Amino acid sequence: MFLGTQVKRGVASTLERVFQASGQKIDKLDILWSGKTAGIIFKRVNSRSLQSVKLVFPSIDDMATISRKVFNNTVGYALHELGHAWFTDNAPWDDARNVHGSYVSSLINGLEDPRIEQCVIRSGYAPNSKALFEELTNSVLDKNGYVQPDDLKNVPFMLAIEGRRLNGYPINHPTVLGVSPWSADIEWALTSAQKAKNTEAIAFIAVELFKRLQQAHEEQKKQPPQEPQDEGQQGDDGQQGEQSGEPSGDQQGDGQQGR
């Protein structure tokens, strides 16, 4: 167990060691413990130098008792966010969001998160990053469970989880991809993202997936209504509620936010 103040010091010292190991320069690093979720704001000078990095984490009281699991997850979040600072190019992401809307931005996030974590692991900057990323992914699923696979707003989260599974993470929860109405399109995007070398390629895949989901949604709406069930068979078993995830350009997805 740790005190909150020890967690904060531990995260700061870990990031300092990681930056030293990376050989990258950074002019200014700020860590704020005042957010609702983890996030990052950064400015890059070039591929080997960052002008500034501001990491934001959920508030932790200095005297709070924190478990080792929470400490590990916090370090995992920090390394994940640094992965965006090192390996994400904001320009193609922002361009795609400006043209197609926030749902596409969420699709990009769902595909980019596994890619940049693989980049962090392969870089060797943080030797224990793979174990921390795996623990963090399973912690999120253990806490919240997997999402319903037949709701379009959950596609970004499914991309984030299944992309990590394809990268070899031992995920404790079984996949729901096979029962998604859009499984073929999601599998195409995940397979394509495995070959992506940069954020620009990820953004291209996300936009294409967005178009495919739009087309599939329109085709589903054209299907004739199903025959009503016989009387006496009503009940709520298995009912998932209304479909609320139409892939319009301003839909916000539920995927993990990487930046």
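The values are calculated or read from the model by the stated rules, or taken from the named source; none is laboratory data. Nothing here was measured: the structure is a model prediction, and the numbers come from that model. Backbone-built Cβ (ideal geometry, glycine too); neighbour counts: all protein chains shown. Accessible surface is based on the protein model in full, side chains and every heavy atom, while ligands, DNA and RNA are left aside. Shrake-Rupley method; radii C 1.70, N 1.55, O 1.52, S 1.80 Å.
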Taking segment 135-183 and keeping residues open to solvent by less than 30 Å² (accessible area, probe 1.4 Å) and touching a Gly at 6+ places or on another chain (Cβ under 8 Å) leaves 136, 151, 152, 154, 155, 156, 157, 158, 159, 160, 163
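Tell me which residues, restricted to segment 59-91, are of a type in the set (Ser, Thr, Tyr) and within 18 Å of the chain's Cα centre (by Cα).
Initially, segment 59-91 is screened for residues of a type in the set (Ser, Thr, Tyr), giving 59, 65, 67, 74, 77, 88.
Those that are of a type in the set (Ser, Thr, Tyr) and within 18 Å of the chain's Cα centre (by Cα): 74, 77, 88.
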Tell me, yes or no, whether segment 122-134 has at least one residue that is surrounded by 21 or more Cβ atoms within 10 Å (Cβ to Cβ), over 14 Å from the mean Cα position of the chain (by Cα), of a type in the set (Gly, Ala, Ser) and closer than 21 Å to residue 88 by Cβ. yes
May I ask you to list the residues in segment 1-27 that are part of a strand (DSSP E or B) and either of a type in the set (Val, Ile, Thr) or open to solvent by 70 Å² or more (accessible area, probe 1.4 Å) (or both)? 25, 26, 27
Determine if segment 34-46 includes at least one residue that is of a type in the set (S, T, N, Q), open to solvent by 10 Å² or more (accessible area, probe 1.4 Å), within 26 Å of residue 151 (Cα to Cα) and not in a strand (DSSP E or B). yes
From the list 89, 95, 30, 62, which residue is of a type outside the set (Phe, Trp, Tyr), surrounded by fewer than 19 Cβ atoms within 10 Å (Cβ to Cβ) and in contact with a Lys or Arg (Cβ under 6 Å, 6 or more places away or on another chain)? 30
Residue that is modelled with pLDDT under 50 and either farther than 21 Å from residue 130 by Cβ or loosely packed, with under 15 Cβ neighbours inside 10 Å (or both), where the choices are 194, 256, 240, 226: 240
